[in-house]
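Participant: To start, I am sharing the structure in question, which I have written as structure tokens.
The values are calculated or read from the model by the stated rules, or taken from the named source; none is laboratory data. This is a predicted model, so every value here is computed, not measured. All Cβ positions, even for glycine, are placed from backbone atoms using ideal geometry, and neighbour counts span all protein chains on display.
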Amino acid sequence: MNLRNLTSLAPRWQPSSLLQTLCGALALLGATTALAQTTPPLSQQQVKLLAATCASCHGTDGGFAGPIPAIAGRPADVLSMQLLNYKHRAPAGTTVMDRIAKGYTDEELRALASHFSSIRK
């Protein structure tokens, strides 16, 4: 078999099919981005329901004064950063918060942080 025979076996690159694939991928990306931007924010009732799941460890309204830190009244940006770190980076010394945070979307974690920051101790 000579070189000419080998090159004839290689698949032929067709610019039009590559361009169609790229255009399709870009269109899909654009549609996905548009859908993500139109997602309505969580209602106050939804956030309160999510916050109720924190009560068993952090106490009602996040104000437990025990070995587990109270989260009520803490700054929203601090709580948000901590929750997102639990979800994405799992800091050393984390008990179960890394596993719990993975069950929420980033938007839900930010909403929880805002909710607990608005509660006065």
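Participant: Quick check: is even one residue across region 68-76 more than 16 Å from the chain's Cα centre (by Cα), modelled with pLDDT of 95 or more, not basic (Lys, Arg) and not in a loop (DSSP other than H, G, I, E, B)?
Facilitator: Yes, region 68-76 has at least one match.
This table checks each residue for (1) touching a Gly at 6+ places or on another chain (Cβ under 9 Å); (2) in a helix (DSSP H, G or I); (3) under 25 Å from residue 114 (Cα atoms); (4) at pLDDT below 85.
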| residue | (1), (2), (3), (4) |
| --- | --- |
| 4 | no, yes, no, yes |
| 31 | no, yes, no, yes |
| 57 | no, yes, yes, no |
| 65 | yes, no, yes, yes |
| 85 | no, yes, yes, no |
